[in-house]
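Here the structure comes first, spelled out in structure tokens, and everything after it is commentary.
The values are calculated or read from the model by the stated rules, or taken from the named source; none is laboratory data. No experiment lies behind these values; they were computed from the predicted model shown. FYI the Cβ positions are ideal-geometry reconstructions off the backbone, even for glycines, and counts take in every protein chain you see.
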Amino acid sequence: MRPKLSIREEVEQLFEKKFLYQKPKTSAWLLPQQEPLFSEFYQYESLQELKEQLNRIKSKLNNYGVQEWSTHTNRRDPSGEISWRLKNETKAEFVTVAWCKIFECLHRFPLVTQPELNSLHLCEAPGAFVAALNHYLHSVYKQDEIKWCWRSTTLNPYYEGNALNEMITDDRFIFHTLDNWLFHKDFTGNLLDVANIEHMTERCANDFPAGVQLITADGSIDCSAQPDCQEEIVARLLFAEILSALSILSACGNFVIKMFTLFEACSVSVMYMLNCVFQRVHIYKPATSKRGNSEVYVICLNYQKDAAGLPRLLEAMRAKLAQPNDAMVMPLFGKAQIPNDFLLQHNIGCRLFLKLQEEAIESSIYAYESKDRYYLRHLHQLRGVVSSMYYNRYKVRPLAEELCIVRQQDINKALGFSVPVYGGSYTEREHLKQGDLLKQIYCLRREFNQLEKCPTGTNSYSHVKAHGAPPFKLQLCRGAPVRALQSSLFASEPVLLLRLRLLDTFELDPLWQTAPKCLFFDGNNSNTQTLDYAPASDDDESTFHKVQRHFFVMLIESLLAQRPAKIVFHKFPFLTHYAASVLLLLAEHIFEHTQFENSGTLQTITLTGPQLEANAAALEQLQQLQQVLSSDVNEARDALHSVLPLQQLQKNQFSNALIQYNNSVLVACFRRMLGEDAFPRRLSRDQAQAVPGIKETAAVVC
């Protein structure tokens, strides 16, 4: 099948996916003044028909493997060459697809109109919007003209209570710009908490007396398990982003928010509100946004902060968001309060982007099934034209390295190893959820086998104390208590993901399966005390923070009482900043030597050469630490997170050694849980054929 459009037409379409709401000249769109808000549930039949139409098209993808399909669409992406050129030719800072998209938005719309700018970036991890804005400012204005300050917020990758699959853990940019990031009083960075929005509003008012002229929001939620409900799933997050922006943005400021389909009545209501409080509202899909997905960027220009009824509206939105577990499907306004001329335009806009998405999906399916060689040649030519168009339209040029926010060598550091995991198609994943335990165990074993093939680094490491450097000073970081350990920057992401999958399958946490403990030895190498690190019982409902706090208080008290010659942590996970900061303090001030061992079945950290008797400062430091840990009252939003600054705990040899050690401890746990002693080694022929991805007809050996 030959392409229906010429290359010129296809490129023009790619760069012109936009829609502008035309406000009526005679009767203005105004915020409804009638009470109450959030009082009526309804839907628009015409928009629901569009939703069903799109879901029918998307359902054709149910039987394609997620990795295979992603590879296919990436290969067919006509804008795929742009990010490669920006990284390798232009050497732009921290280029991602998000970088490319916001760079387009900045050039296509008057979001920045002067070089004096204060900006706030919501759901910003890993930081590409900030890097792109920096590049844009230096492309448009002279260096001495630019007076730019920025703040960002995101789910905090340094807070172990945030779910790994709900946040971006890449902190290469965040770590070097920590002072610009707002993680709020509870240290979570969770924007769905109204108290955090209020705290952020106060911080911005204090940090930016001249106000905030630009706010961006790039939040999203993984909807792969329910691809037909994306709009409903992300509704609460979008609501929090809009509430934050309208509370903080200065008069005449601009707002950019990523949204998806706009078929639900709650989305219609929100879009009408934005049109009432901004002078112009565009819907825009950048050329660098994947053609087959639903994402669009809503560009809101010239905020009318004094709009009648806005304070009352924001208060109602704040109260609605404060209701726990509210699905946010109730529209903001009643059906009769939305003007027909707005609905007509909104319907046209939805149809426009639906048509573009449908064509992209159908085209990708055809290309996947037919392997059309002609189109591959056409695509190669198209990519070159699209890339050149992007560079010419937006006058892309290199940025001097000294003008970058973070040094290139820090940004370009590798993120760590990855493990090929068979995700299967949507149909296969749904089938597997209904499968028996043995099928799920097979998939876990297969992933574990892949994990074991990955490089583990050195088997031993001796921590060298920073002699001559100023002593570490306690610097307390507080936040919400970690109720359940859901993430960590002190272990590799593939290892942590497998732990979560094991936890879901067995309802048994691998952390406690190797009985982690701490052993005390005297000068004769005799074991004098053993401290166990685990919940008191299987039924113990203590939060992870309470279990952790109880152990380390006991550890420090025992150290002060016994003064051991050596302590050995055996298969003991140091996965939190709380635990890592205590360990580093012991290694730097209380003991002379620290040895990490990760070989075979041996995973230990050994501290020898205690300094308590000879060094009064060391004793004082330990006593101070005991007082700090013991006084941690574990209040709802004021639990101890770390006793040392984050900068001393990350991106150094100590943290690298701790990552390798924790990986080794967790892999040993997995081996214990998935070993042949725990479960049968073979699957029957019928069982093997029922597991997604297994092609063999004979019995399968794990």
> Quick one: what pairs do we get from the range 123-151, first residue closer than 17 Å to Pro398 by Cβ and in the same structural domain as Ala98 (by TED's automatic domain parsing), second of a type in the set (Asp, Glu) and buried (at least 21 other Cβ atoms within 10 Å of the Cβ), C-beta under 9 Å, 6+ apart or different chains?
Replying inline: Ala131/Glu93; Ala132/Glu93; Asn134/Glu93; His135/Glu93
> Does Arg407 fit the bill of being modelled with pLDDT of 80 or more, over 30 Å from Ser655 (Cβ atoms), surrounded by fewer than 17 Cβ atoms within 10 Å (Cβ to Cβ) and assigned by TED's automatic domain parsing to the domain that holds Leu61?
Replying inline: no
> If you take the residues of the range 78-120 that are under 24 Å from the mean Cα position of the chain (by Cα) and of a type in the set (Asp, Glu), which of them is nearest to Leu182 (Cα to Cα)?
Replying inline: Glu93
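Could you tell me which residue of the range 167-187 is modelled with the highest pLDDT, considering only residues that are outside any helix (DSSP H, G or I) and among the aliphatic types (A, V, I, L, M)? Talk me through it step by step, then tell me what you get.
Residues of the range 167-187 that are outside any helix (DSSP H, G or I), as a first pass: 167-171, 177, 181-187.
Among the residues that remain, those that are also among the aliphatic types (A, V, I, L, M) are: 167-168, 182.
Numbers: Met167: 92, Ile168: 92, Leu182: 97.
Among residues in the range 167-187 that are outside any helix (DSSP H, G or I) and among the aliphatic types (A, V, I, L, M), the one modelled with the highest pLDDT is Leu182.
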>> Cβ-Cβ distance below 8 Å, separation of 6 or more or different chains: which pairs start in the range 22-36 with a residue that is farther than 18 Å from Phe278 by Cβ and end on one that is part of a loop (DSSP other than H, G, I, E, B) and aliphatic (A, V, I, L, M)?
In response: Gln33/Ala308
> Which of (1) touching a residue at least 60 places away in the same chain (Cβ under 8 Å); (2) out of contact with any helix residue (DSSP H, G or I) (no Cβ under 9 Å at 6 or more places or on another chain) is the odd one out, the single condition Val194 does not satisfy?
Replying inline: (2)
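Which ones in the range 440-465 are among the β-branched types (Val, Ile, Thr) and modelled with pLDDT of 80 or more?
The first filter runs over the range 440-465 and keeps only residues among the β-branched types (Val, Ile, Thr), leaving 441, 456, 458, 464.
Of everything in the range 440-465, just one residue is among the β-branched types (Val, Ile, Thr) and modelled with pLDDT of 80 or more, namely Ile441.
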> Out of all the residues in the range 244-264, which are surrounded by fewer than 22 Cβ atoms within 10 Å (Cβ to Cβ) and farther than 30 Å from Glu52 by Cβ?
Replying inline: Ser247, Ser250, Ala251, Cys252
>> Could you tell me how many of the residues in the range 540-564 are crowded, with 18+ Cβ neighbours inside 10 Å, of a type in the set (A, V, I, L, M, F, W, C) and closer than 29 Å to Gly609 by Cβ?
In response: 5
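Looking at this structure, is Phe569 at pLDDT 95 or above and under 26 Å from Ala614 (Cβ atoms)? Steps first, answer last, please.
Numbers: at pLDDT 95 or above: yes; under 26 Å from Ala614 (Cβ atoms): yes.
Spelling it out, Phe569 is indeed at pLDDT 95 or above and under 26 Å from Ala614 (Cβ atoms).
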> When you look at Pro510, is it within 30 Å of the chain's Cα centre (by Cα), modelled with pLDDT under 85 and not charged (D, E, K, R), yes or no?
Replying inline: no
> Can you tell me which of Ser631, Ser642 is among the hydroxyl-bearing types (Ser, Thr, Tyr), within 33 Å of the chain's Cα centre (by Cα) and under 25 Å from Val495 (Cα atoms)?
Replying inline: Ser642
> In the range 54-112, how many residues are over 20 Å from Ile405 (Cβ atoms), of a type in the set (Gly, Ala, Ser) and part of a helix (DSSP H, G or I)?
Replying inline: 3
> Regarding Arg377, is this residue more than 23 Å from His135 (Cα to Cα) and either in the same structural domain as Asn652 (by TED's automatic domain parsing) or exposed (fewer than 13 other Cβ atoms within 10 Å of the Cβ) (or both)?
Replying inline: yes
> Does Ala235 satisfy the criteria of being surrounded by fewer than 17 Cβ atoms within 10 Å (Cβ to Cβ) and not in a strand (DSSP E or B)?
Replying inline: no
> Looking at the range 622-644, which of its residues are at pLDDT 90 or above and within 22 Å of Asn190 (Cβ to Cβ)?
Replying inline: Ala639, Leu640, His641, Ser642
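Quick one: in the range 66-76, of everything that is crowded, with 18+ Cβ neighbours inside 10 Å and under 24 Å from the mean Cα position of the chain (by Cα), which residue is nearest to Ala131 (Cα to Cα)? Full working, then the answer.
Residues of the range 66-76 crowded, with 18+ Cβ neighbours inside 10 Å: 69, 73, 76.
Then keep just the ones that are under 24 Å from the mean Cα position of the chain (by Cα); that gives 69, 73.
Working: Trp69: 30, Thr73: 26 Å.
Among those that are crowded, with 18+ Cβ neighbours inside 10 Å and under 24 Å from the mean Cα position of the chain (by Cα), it is Thr73.
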>> What's the number of the only condition in (1) under 16 Å from Met167 (Cα atoms); (2) in a helix (DSSP H, G or I) that Asp222 fails to meet?
In response: (2)
